[in-house]
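Read the structure below first, then the notes.
FYI, it's all coordinate maths here, none of it is from the lab. Because the structure is a prediction, the values reported are computed rather than measured. Positions of Cβ are generated from backbone atoms using ideal geometry, with glycine treated the same way; all protein chains shown enter the neighbour counts.
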Amino acid sequence: MRGTHTVKIIPVKRALLLLLGFSAQAFGTGLGSYTELVVSDSATSPRSGVRVTYLGTNGYQLEFKGHALLIDPYFSRVDLLSVAVGSRIQPDISRIADGMRHLTPRVDAILVTHGHFDHLLDAPIIMSKTHTCLIASRSSIDLVRQLPARSVTHSIAGAPDASAFAKRFDTVTAGDVRRIGPWKIRVLAAAHDRLFGKVPFDRHEPRSAGPPQRASDWICGEPLAFLIEINGQRIYIDSGGTSAQLPPNDRVDLAILGMALPDSRARLPAALERLQPRYVLPSHQDNFFLPLSDGFQFGPLTDFTRVQRDCLRASGSRLILLDYFRPWTLPAAVNPKHQIPNNTEPTLNLQMEDSAKPRDLEDRTFRFASSVRTFVKQLPRTVSNAEDVRQLVRASGSVAANWIEADAALSKKDFLMRVKICHKEAKESRFARRVR
């Protein structure tokens, strides 16, 4: 506020958040440590499938044959200090324009999972510029309706008038289905992670009739998830959650799961068991208080090592990461229904997808363990198989886990010991497979 100086006492929780954020800005880890997991299209990649582009935070563009959906697009990247001390925040028009240069010209709809500023703040501006509709919960749309029409529709030249803008809100709730162009969108119930034991800004109604000005005004509202069907493929996306509200028991090709906070990581094994995705993409892991131009850095409360280990135990799911604005085309499934043909003997498939690219041992051992878990699900449930399967699953997972330990060994002796264990467990895996 001009002409005045207000001294605020920062609450303990906000102070801790501030400390964590500054620590992450100083010491944040990027994707360089996980290059074997990062995927993107090459010059020769087929462009006929569904292309997924990561926009930062929990933002994505899904593209198919000139059509596109945006989910939680957020480019402004409000700094942590402004959030922690309760300063007024607003969209950064320059950063939004930079981010939108990576989007396809034709956007069919914008989907928003909930009302927090790092999901909804930029959506009205992008909605206005792309002349598209906003699909969100009632609480999120109420926040947008409270914005001064002029601040949205005139923020970017060429935006439509305010009356036309207001007609493009589509309020949805769990159970709704929307068909837009080639997209089928199922709206699902979701939950938001807790931070220090409480969901941040956890209200379903705005605290005042005025427009949201501070981060705390962008309330969570009703969290949503989406199951998107396109080109015979299924993509599930949420922004996080808890074990009390799991995804549907429904197989998908790609699961984009929010992983920013401990609650969402605790529910990961159960979520993977229900979704059984071919690919799993952990989301909301970057430090969204830093501008996109700084490059990907993991956020202060993330724990990607745990995410890796839980994905390693999942059956048949390949863990991937995406970098900002680097599109990746979701490969078509060899058997779209994930079914084993009748009268076919189950086989252990050790072939690598995208085998033209060499993989390092961490990725290869991970794929081996995943292939074993896919294989054992095909076996008949007999007394002898039950014991052999337990031995095979344990041994195959141990190969991958001990290689991770070997790769991070503190001494040559420790490295050699771990490698010997890998060799022993690999031989045991082969034995258990042969006797089955």
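Among the DSSP beta bridges whose two residues both lie in the stretch 28-329, what percent are antiparallel, rounded to the nearest 5? Please list the in-between numbers first.
Details: 30 of 51 bridges.
Within the stretch 28-329, antiparallel bridges account for around 60 percent of the total.
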How compact and how long is the stretch 190-238, expressed as Rg and Dmax of its alpha-carbon atoms in Å?
15.0, 44
Equivalent-ellipsoid semi-axes (√(5λ), Cα gyration tensor) for the stretch 28-329, whole Å, largest first?
27, 22, 19
For Thr29, enumerate residues with amide H under 5 Å from its amide H, sequence gap 5+ or separate chain, H modeled in the peptide plane.
Phe298
Could you work out the equivalent-ellipsoid semi-axes for the stretch 174-302, taking the square root of 5 times each eigenvalue of the Cα gyration tensor, largest first, in whole Å?
25, 19, 16
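Would you mind putting 110-120, 389-399, 32-42, 90-100 in packing order, based on average other-beta-carbon counts within 10 Å, highest first?
Going by the mean number of other Cβ atoms within 10 Å, highest first, we get 110-120, 389-399, 90-100, 32-42.
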Please report Rg (one decimal) and Dmax (integer) in Å for the Cα set of the stretch 29-142.
15.5, 49
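Using the count of nearby Cβ atoms within 10 Å as a rough guide to exposure, how do Val187, Val419 rank from fewest to most?
Numbers: Val187 20, Val419 17.
By the 10 Å Cβ count, ascending, the order reads Val419, Val187.
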Explain nothing, just compute: Karplus ³J(HN,Hα) = 6.51 cos²θ - 1.76 cosθ + 1.60, θ = phi - 60°, for every residue of the stretch 324-331 in order, whole Hz, x for Gly and Pro.
4, 6, 10, x, 9, 8, 5, x
At most 11 other Cβ within 10 Å, DSSP loop - chymotrypsin sites (Phe, Trp or Tyr not before Pro), the stretch 180-222
Phe196
Taking only the alpha carbons of the stretch 361-435, the radius of gyration and the largest Cα-Cα distance, Dmax, both in angstrom, are 13.4, 44
Using modelled amide H (1.01 Å from N, peptide plane; none on Pro or chain starts), what sits under 5 Å from the amide H of Thr57, excluding residues fewer than 5 places away?
Asp286
Residues whose built amide H sits under 5 Å from the amide H of Ser87, excluding neighbours closer than 5 in sequence, are none
What are the ³J(HN,Hα) values, in whole Hz, obtained from phi via the Karplus relation 6.51 cos²θ - 1.76 cosθ + 1.60 with θ = phi - 60°, for each residue of the stretch 34-47 in sequence order, with x given for Gly and Pro?
10, 4, 5, 9, 7, 10, 6, 6, 9, 4, 9, 5, x, 10
